[in-house]
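Participant: Structure below; questions to follow.
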Amino acid sequence: MNQQLAAGPTVFVVDDDAAVRDALSLLISLKGMRAAVYQSAEDFLSVYEPAWRGCLLTDLKMPGMSGLELQKQLQERDIDLPVIMLSAHGDVGTTRSALKNGAVDFLEKPVDDEILVDVLQNALRVDAERHRQQEQRVQIRDMLDRLTPRERAVLDLLADGLQHRDIASRLDISPRTVEVYKARMMEKLQCRTLAEVVKLGLAARGSNA
């Protein structure tokens, strides 16, 4: 089961009503998505692994841990899983709390099948984009780790828009030496143009590398 979930994006359904779980699982499967069902938030948290991808479709009010409490637990465990809240007891305050805490949507039962499928597909796209950005940040950090402190300094100053003479003055080296560091840096980062260097330098700041 765990190996299957790790193989691709999954809609994790958490609802204490067995009939609802079965109906949701069938709908999700018929629409070409993978589903995994759990009767409580505690059951889901006890088996969830960080490598699993997809989205969470959870009931709001359940015995034990509620949907909002489950959402909070995910945040505390640094689990960045898109959450859709489903409830027959929705109100403005609860909806606001769920969305404020990062839920991608809040749907009231009974929910239209087409709307639910559209929301789930969007949540899976959100998850895929988050993971793509995360992988990109890791790749950037790996490339930057290859640079010497001086090469990294040249990269940062190029990203700031400084010319070679300005960089040379700032680092107290010759313009020719700046060219040498720049050439080495571009080779390590596999950049062919200055535009690629600047783009990577700016992305490095966004990745907190």
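The values are calculated or read from the model by the stated rules, or taken from the named source; none is laboratory data. The shown structure was predicted, so the numbers you read here are calculated from the model rather than taken from an experiment. Glycine also receives a Cβ, built like all others from the backbone with ideal geometry; neighbour counts cover every protein chain displayed. For the accessible areas, the whole protein counts, side chains as well, though only heavy atoms, and no ligand, DNA or RNA atoms are used. Shrake-Rupley method; radii C 1.70, N 1.55, O 1.52, S 1.80 Å.
Participant: Search the stretch 47-62 for residues that are over 17 Å from Ser25 (Cβ atoms) and at pLDDT 90 or above and pair each with any residue that is surrounded by 17 or more Cβ atoms within 10 Å (Cβ to Cβ) and charged (D, E, K, R) when their beta-carbon atoms are under 7 Å apart and the residues are at least 6 apart or on different chains.
Facilitator: What qualifies is Arg53/Asp127.
Participant: Look at Ala41 and say whether it is over 18 Å from Asp127 (Cβ atoms), of a type in the set (A, V, I, L, M) and crowded, with 19+ Cβ neighbours inside 10 Å.
Facilitator: yes
Participant: Go through the stretch 6-27 and count every residue that is more than 22 Å from the chain's Cα centre (by Cα) and either under 20 Å from Leu70 (Cβ atoms) or loosely packed, with under 14 Cβ neighbours inside 10 Å (or both).
Facilitator: Residues flagged as more than 22 Å from the chain's Cα centre (by Cα) and either under 20 Å from Leu70 (Cβ atoms) or loosely packed, with under 14 Cβ neighbours inside 10 Å (or both) within the stretch 6-27 amount to 11.
Participant: Further question on the same structure: Under 8 Å between Cβ atoms, at least 6 apart or on separate chains: pull out the pairs that start in the stretch 195-209 with a residue that is open to solvent by 70 Å² or more (accessible area, probe 1.4 Å) and end on any residue that is at pLDDT 85 or above and in a helix (DSSP H, G or I).
Facilitator: Listed by first residue and then by second, the contacts come to Leu202/Ala159; Arg205/Ala159.
Participant: When you look at Leu81, is it among the aliphatic types (A, V, I, L, M), on the phi < 0 side of the Ramachandran plot and surrounded by 15 or more Cβ atoms within 10 Å (Cβ to Cβ), yes or no?
Facilitator: Yes; evaluated as a whole, the condition is true for this residue.
Participant: Another question, then. Just checking: which of the helices (runs of 4 or more DSSP H) contained wholly in the stretch 103-184 hold 1 or more residues that are over 27 Å from the mean Cα position of the chain (by Cα), modelled with pLDDT of 90 or more and buried (at least 18 other Cβ atoms within 10 Å of the Cβ)?
Facilitator: In the stretch 103-184, the matching helices (runs of 4 or more DSSP H) lie at 149-159, 164-171.
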